[in-house]
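Visitor: This is the structure I want to talk about, given as structure tokens.
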């Protein structure tokens with residue numbers, strides 16, 4: 001998305017050891033970015049706003065569990081936080097993604113998790129993302145294919161998969177419009193400012209309504225009043241509730257039933 005993480009964070013007095021990549025709001029391409037970036041690093045979808053008068057208090061740590069399901073070898077994961085956000089508290093590392101891993105964060109955290117088939121963080125940041133925030137015991141999160149797509153991801157709260165898309169788009173009938181570094185399909189609408197309720201590009205359209213498919217496509221942002229969520233990576237993951245709802249109706253008359 002075009003705006004940066006728009007989070008108003010409460011003052012924190014927490015000492016943590018930060019071992020993740022800090023997001024820069026004015027990032028420019030590095031040497032490793034050069035082969036696939038022709039201009040400034042594009043902005044990512046803002047972390048969802050988790051502020052709510054109904055937010056429970058007392059749960060001051062937030063856990064994101066990430067695991068794989070299906071034949072998805074060679075994946076890498078990068079844990080990142082907003083430049084004005086606290087980092088993790090469990091020393092999570094950017095590393096190859098095995099069968100499961102987790103990050104633990106304090107209240108006030110906002111960030112993203114990039115997953116793809118390349119150890120270069122710059123490459124997988126252009127693909128499938130988990131975007132989230134945690135304030136006062138409530139989390140808001142989404143799965144974003146706004147910049148591009150690398151691997152299917154769905155996320156759950158309290159056992160209910162409520163956002164994301166498990167469709168392996170590379171196996172789908174539509175051809176990727178623009179392949180990039182790290183086996184990422186770039187989204188041609190990533191810098192379009194396209195309005196909510198409009199149609200996604202054909203390659204990404206099967207996941208519209210489940211994962212974010214273009215800028216301002218906020219329908220997949222959800223909240224959880226539990227202090228942990230789980231995200232499944234791979235074509236073996238279950239479909240999200242959002243996908244089921246999409247299959248029951250057209251979105252603003254533009255998308256035919258899958």
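Visitor: Say each of residue 99 and residue 61 gets a label point 7 Å from the Cα, pointing the same way as Cα to Cβ; how far apart are those two points in nm?
Guide: The modelled label-to-label distance comes out at 2.4 nm.
Visitor: Could you tell me how far the Cα centroid of region 113-136 sits from the Cα centroid of region 90-109, in Å?
Guide: 12
Visitor: What does the extension gain come out to for residue 198 and residue 160, with contour length at 0.36 nm per residue minus their alpha carbon separation?
Guide: Net length gain for the segment: 11.0 nm.
Visitor: Now a separate question. Treat each spin label as a single point 7 Å out from the Cα along the C-beta direction, and report the residue 175 to residue 71 distance in nm.
Guide: 2.5
Visitor: Could you grab the Rg to Rh ratio for region 52-248? Cα atoms only, Kirkwood for Rh.
Guide: Radius of gyration relative to Kirkwood radius: 0.94.
Visitor: If you line up the Cα atoms of region 141-223 on their principal axes, what length do they span on each, largest first, in Å?
Guide: Principal-axis extents of the Cα atoms in region 141-223, largest first: 36, 27, 21 Å.
Quick note: the coordinates plus some simple rules give every number you see, no bench work behind them. All figures in this text were calculated on a predicted structure; none of them were measured in a lab. A quick note on method: Cβ atoms are made from the backbone with ideal geometry, for glycine too, and the neighbour counts reach across all protein chains shown.
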